[in-house]
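Coordinate-derived values only; no laboratory data. Being a predicted model, the structure only gives us computed values, none of them experimental. Cβ coordinates were reconstructed from backbone atoms using ideal geometry, including for glycine residues, and neighbour counts include every protein chain displayed.
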Amino acid sequence: MNNLKICAVQLNIKWEDYDYNFKKVVNFVENYKTKADLIVFPEMFLTGFSNNTNLAIDENNYYIESLKSLATEKNVSICGSLMIKEDKCYFNRFYYFSSDGNVYKYNKRHLFRIADEDKHFCQGKSKLLIKEKQFVISPFVCYDLRFPVWMRNVNNSYDIAIIVANWPEKRIDAWNTLLKARAIENQCYVVGINRVGFDGNNIFYNGNTSVYDFNGNLLAKAEDDVESAIIAELDINKLVAFRKSFPIFLDADRFNIL
């Protein structure tokens, strides 16, 4: 099977409430486990985008182990970012709990200094590539979306860019524009997962969770302001054929990225 079904969950995250949010995550997984190969949740989907590092969990935490078990038991991969404590650092860390039991991690590279994220969290250093069926996935977290050099798809190294976010309504035009731009310039599918509702800082999020194809065409979009899930079926054959017919990557600028 050359297609990949992705379920993007536009979650209304209850501020800093692990138990409440985790129960909703389990419900979404239960409802969509047979409809998708991969279920994606937003940035910091168990707490909301918070700088309260007292809430950070470690690698052996109950929620980490439970999400890993959930993915294998329900036979569906699950991903999104969480607040993690490791040694003397705190990370906004993207987790990919594979249905086969493997766990992959990416630490957010670009910390949102406007909200003082850089004063509380440590910066990620490396990109990540994950194989799911016939696709290679590269994850990014929220503010990373604004930095095309970091997201550059060198030599078509990935087929899908996943961006999990807490992106507020007041900047939603930038979100929509940048998602489409990253799909076009990187000739890849782009899946942008945002939250809805108010957070503990009274910031409002209106969603616009969306999936774009490699030519910037909108494949699926969630309804504004509503907690919901959308499903998009991605076709690797169409992607490969498009890259062959329009091989702009051959003329891309060459440079090294950490």
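So, in nm, how far is label Val154 from label Phe242 when the simple model puts each one 7 Å beyond its Cα toward the Cβ?
Computed distance between label sites Val154 and Phe242 equals 2.4 nm.
Select from Asn60, Asn155, Asn12 the residue whose mean-square fluctuation is largest in a Gaussian network model of the chain (Cα-Cα springs shorter than 10 Å).
Largest GNM mean-square fluctuation: Asn60.
With a point put 7 Å past each Cα toward its Cβ, work out how far Leu129 is from Trp15 in nm, to one decimal.
About 4.2 nm separates the two model spin labels.
Report relative contact order for the chain in percent, whole number only (criteria: Cα-Cα under 8 Å, sequence separation at least 6).
Across the chain, relative contact order equals 20 percent.
Mind checking which of Cys89, Cys188, Cys79 has the largest fluctuation in a GNM of the chain, springs on alpha carbons under 10 Å?
Cys89
How much mean residue ellipticity at 222 nm does the chain get from its helices, if each DSSP H run of length 4 or more adds -39500 (n - 2.57) and you divide by all residues, to the nearest 500 deg cm²/dmol?
One gets -7000 deg cm²/dmol as the mean residue ellipticity at 222 nm.
Whole Å is fine, so just give me how far the alpha carbon centre of region 216-237 lies from that of region 96-157.
One Cα centre to the other: 20 Å.
Please give the charge dipole size of the chain, origin at the Cα centre, charges +1 on K and R Cβ atoms and -1 on D and E Cβ atoms. Round to the nearest 20 debye.
In debye, rounded to 20, the chain gives about 620.
Show me the GluC sites (Glu not before Pro) within region 41-122 that DSSP assigns to loop and that have at most 15 other Cβ atoms within 10 Å of their Cβ.
Glu59
Can you give me the long-range amide H partners of Tyr90? Hydrogens built in the peptide plane at 1.01 Å from N, cutoff under 5 Å, separation of 5 or more residues or another chain.
Counting only residues 5 or more places away or on other chains, the set is Cys122.
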